[in-house]
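The numbers here are math on the coordinates, done by the rules we state, and not lab data. What you see is a predicted model, and the numbers here were worked out from it, not measured in a lab. When we count neighbours, we look across all protein chains shown, and the Cβ atoms used for this are built from the backbone with ideal geometry, even at glycine.
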Amino acid sequence: MFPYGYSDYVRLCRKAGKAPNKQLARFATRYKLAGQLEFINLLDHSKVASEVYLRAMRITLAHTALECLQSYMDEKLPIKNLSVARKLREKKFDKTKEFLIGEADASMRRDLRRFYLSKNDSNLNSICSIIRHTMSHGQFSPTPSGFNNKSGLLILRELEESIFKSMNQAAIIVFDAEMKKIHV
């Protein structure tokens, strides 16, 4: 499962005798890894905890793909979903909010506070970024993060869907533009 447009881009590159752009290939490979990770098997963990880790890992890997695409485009891409943003601001996610802010560095903390204070901010980038950060640095755990229940799992799934949707929207534009540059 590559991002939309990548396979056509690669075919056109090969037909023209050119190699795909390395940054775009890296983005597509990371995207594919994140999108194809179906399960993890954790000994001595509940099914809920295993799925929480799976979803957080997929968000982490997807965020690294997003960072690759952002680097190529030289711009920060939003991950917008107002419904998910509003849910994350609900009282039932106060534990998650405290965890994310508590584990963030100074700049991430500032972005997270701005997100939580702005009721109409639909950009989930700071949330996905801190999930990636806590997973990569060993701070993430289902119970302290507040994701260890049905609501938590649902919001992780929705975050995951949002990041892939955002990447696909940008990828369509990027690969279309790249294909127009190739002369066969």
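Tell me the chymotrypsin sites (Phe, Trp or Tyr not before Pro) within the stretch 1-52 that lie in a loop according to DSSP and have at most 13 other beta-carbon atoms within 10 Å. Qualifying residues, ordered by number: 39.
Where in the stretch 79-174 are there trypsin sites (Lys or Arg not before Pro) that are in a DSSP coil and have at most 12 other Cβ atoms within 10 angstrom of their Cβ?
Taking the stretch 79-174 and a limit of 12 other Cβ atoms within 10 Å, the loop trypsin sites (Lys or Arg not before Pro) found are 119.
Between the amide H of residue 80 and those of 124, distances stay under 5 Å, these residues lying 5 or more places away or on another chain, with hydrogens modeled in the peptide plane. In terms of overall dimensions, the chain has a Cα radius of gyration and Dmax of 17.6, 57 angstrom.
Phi-derived couplings, Karplus 6.51 cos²θ - 1.76 cosθ + 1.60 at θ = phi - 60°, listed residue by residue for the stretch 85-99: 4, 5, 4, 5, 8, 5, 4, 5, 9, 4, 5, 5, 4, 4, 4 Hz, with x used for Gly and Pro. Note on 133, 45, 63, 183: ascending count of other Cβ atoms within 10 Å places them as 183, 45, 133, 63, the fewest first. Equivalent ellipsoid of the stretch 109-155: semi-axes from √(5λ) of the C-alpha gyration tensor, largest first, are 20, 15, 9 Å. Applying D = kT/(6 pi eta Rh) to the stretch 95-184, where Rh is the Kirkwood radius over alpha-carbon pairs, T corresponds to 4 °C and eta to 1.567 mPa s, the Stokes-Einstein value obtained is 87 µm²/s. The alpha carbon convex hull volume per residue for the stretch 77-116 rounds to 68 Å³. Applying a DSSP loop filter and a limit of 14 other Cβ atoms within 10 Å to the GluC sites (Glu not before Pro) in the stretch 84-162 leaves 90.
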